[in-house]
1. Please report, in cubic angstrom per residue, the volume enclosed by the convex hull of the alpha-carbon atoms of the chain.
2. Given R₀ = 30 Å, what would the calculated FRET efficiency be for E130 paired with Q50, taking r from the Cβ atoms and rounding to 0.05?
3. Just how large is the dipole of the chain about the Cα centre, in debye to the nearest 20, putting +1 at every Lys and Arg Cβ and -1 at every Asp and Glu Cβ?
4. Quick one: if you stick a label point 7 Å off each Cα along the C-beta vector at A40 and D68, how many nm between them?
5. So how much slack lies between R90 and H28, counting 0.36 nm per residue of separation and subtracting their Cα-Cα distance, in nm?
6. Within the set of other residues whose C-beta is less than 14 Å from the C-beta of L134, count the net charge using Lys and Arg as +1 and Asp and Glu as -1.
7. Return the FRET efficiency for the residue pair N3, K118: r is the Cβ-Cβ distance, R0 is 25 Å, and the value is rounded to the nearest 0.05.
8. Considering only Y10, F77, S34, whose Cα is most displaced toward the positive end of the charge dipole of the chain, charges sitting on Cβ of Lys, Arg (+1) and Asp, Glu (-1)?
Amino acid sequence: MINTGKSLVYSSNRLLSTIAYRLNGSTHYAIEGSIFMAGATIQWLRDKLQILQNAGESEMLARQVPDDLSVYLIPAFTGLGAPYWDPEARGALLGMTRDTGIPEIVAAGLMSVVYQTKDLVNAISADGAELSQLRVDGGLSANNFV
């Protein structure tokens, strides 16, 4: 979400226009996008695939992978959010070889959040807004790999 001030801005890049806040009768607006599967991707790795004991373990495993990661996870388990808004999209794990192991799959899961965030930042920038900083919340904000 990025504050656009007192003017309602309509995104040309499939982001949502919303009210950021109202204070002393003055309304401020924002544009925002949704990532449906961020922390929930790590929960999926832990609970469904059972390749993590806990979410915190994901950082340690991902750090074992070289920077040239060629495994990609598309976490479209419930479709894709902004800026794609594709409810029919489904997840995929791509680029695996016989050498692919748990660390590569976990790193791909974490990187999927980074890629989705980059898509949102690009859409925000394309709408003419400048980001001076990026703030994150939730459990993944404690993960220094992402």
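No lab work stands behind these numbers, since they all come straight from the coordinates. Computed from a predicted model, the values in this text were never measured in an experiment. Here Cβ is always computed from backbone atoms with ideal geometry, including for glycine, and neighbour counts include all displayed protein chains.
1. Details: hull volume 19.3 nm³, N = 146.
Convex hull volume per residue, Cα atoms: 132 Å³.
2. Working: r = 43 Å, r/R0 = 1.42.
So the FRET efficiency works out to roughly 0.10.
3. Working: 10 positive and 14 negative charges, 73 e Å.
Result for the chain is approximately 340 debye, rounded to the nearest 20.
4. 3.5
5. Numbers: separation 62, 0.36 × 62 = 22.32 nm, distance 3.55 nm.
Taking R90 through H28 to full extension adds about 18.8 nm, to one decimal.
6. Values: positive: K118, R135; negative: E32, D119, E130, D137.
Local charge sum for L134: -2.
7. Details: r = 20 Å, r/R0 = 0.81.
The formula returns an efficiency of 0.75 here.
8. So the residue we want is Y10.
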